[in-house]
Amino acid sequence: MRVAVFPSFLTGDQIEAWLARGVTAELDRATVSDPSPRPVRLPVYKGEEAGGVLEGRLVGLEEGVLVVEGTYEGLPVRVAVSREEIARQFDLEDTPLYLWRPLQLPEAAWAAWQADLARLGLLDRAGLLGAAKDGGPLCRAEPTPENAWVFWLAAWRFGSRVGLDLGMRQEPFERAFAALKERLPELPEALLERSREALGWGKEELRELRAK
């Protein structure tokens, strides 16, 4: 996976120029599987072109974020990526399922979603979004196939009003969706593609959710 490289110190008028270069470092499975502090050499890219090597040190995990600090082109730089993103990218482990919701869910869509749950024998899972219906907190659940079904159905019935970030490993993730499609063939295939997105939601909402 490629992760953005940022200098430790940039003045305001340098930031835009640096971002325009699209400098990223490549992290491989061997590097990220072991977060213990050690020296590392990471391939660097400028856009899609090879751009040399970042010489640095894997600092370790800081509040769930893997951090590498080093030098590139004589500048002190830093690379950081969340452990959840690493686990998902390299299929290392399941992470919690997140669902972003709007301030209000339409009553008709809410009724259709509950009817779907009833057809699948999952009506007891309606509590996952129970607080969301009244403008409650953002939602999160453990990465079980049944919980993934509940969130997929919510995204289907509420459309762009709901975004998903389902952190299951790829194989059980695809099995869960295939099993749901068998029960509900009308479920659109596009939901699988949207499952790792947070449609219409930003990083602030994700940070708020993870902080709970």
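The values are calculated or read from the model by the stated rules, or taken from the named source; none is laboratory data. Just so it is clear, the structure is predicted and the values come from calculations on it, not from any experiment. FYI the Cβ positions are ideal-geometry reconstructions off the backbone, even for glycines, and counts take in every protein chain you see. For accessibility, only protein heavy atoms count, side chains too; no ligands or nucleic acids. Shrake-Rupley method; radii C 1.70, N 1.55, O 1.52, S 1.80 Å.
Matching residues to (1) within 23 Å of residue 88 (Cβ to Cβ); (2) in a strand (DSSP E or B); (3) within 23 Å of the chain's Cα centre (by Cα):
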| position | (1), (2), (3) |
| --- | --- |
| 16 | no, no, no |
| 19 | no, no, yes |
| 35 | yes, no, yes |
| 43 | yes, yes, no |
| 52 | no, yes, no |
| 56 | no, yes, no |
| 59 | yes, yes, yes |
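Scan 95, 71 and give me the residue that is polar (S, T, N, Q), open to solvent by less than 40 Å² (accessible area, probe 1.4 Å) and not assigned by the TED database to the domain that holds residue 167. Show your work before the answer.
Numbers: 71 fails: open to solvent by less than 40 Å² (accessible area, probe 1.4 Å).
Only one candidate qualifies: 95.
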If only one of 108, 154, 131 is closer than 19 Å to residue 188 by Cβ, exposed (fewer than 15 other Cβ atoms within 10 Å of the Cβ) and of a type outside the set (Ser, Thr, Tyr), which one is it?
108
Exactly one condition in (1) open to solvent by 50 Å² or more (accessible area, probe 1.4 Å); (2) not in a helix (DSSP H, G or I) is false for residue 66; which is it?
(1)
Would you confirm whether or not segment 96-109 contains a residue that is assigned to a helix (DSSP H, G or I) and not charged (D, E, K, R)?
yes
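Within segment 134-151, restricting attention to residues that are part of a helix (DSSP H, G or I) and of a type outside the set (A, V, I, L, M), which residue is surrounded by the most Cβ atoms within 10 Å (Cβ to Cβ)? Write out each step before concluding.
In the first step, residues of segment 134-151 are kept if they are part of a helix (DSSP H, G or I); the result is 145-151.
Cutting the leftovers down to of a type outside the set (A, V, I, L, M) gives us 145-147, 149, 151.
On the way: 145: 14, 146: 15, 147: 22, 149: 22, 151: 25.
Among those residues, the one meeting the criterion is 151.
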Quick count over segment 30-40, residues being touching an Asp or Glu at 6+ places or on another chain (Cβ under 9 Å) and either surrounded by 13 or more Cβ atoms within 10 Å (Cβ to Cβ) or among the aromatic types (Phe, Trp, Tyr) (or both), is 1
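From 116, 124, grab the single residue that is surrounded by fewer than 16 Cβ atoms within 10 Å (Cβ to Cβ) and either of a type outside the set (S, T, N, Q) or in a helix (DSSP H, G or I) (or both). Break it down stepwise before answering.
On the way: 116 fails: surrounded by fewer than 16 Cβ atoms within 10 Å (Cβ to Cβ).
After ruling out the rest, the residue left standing is 124.
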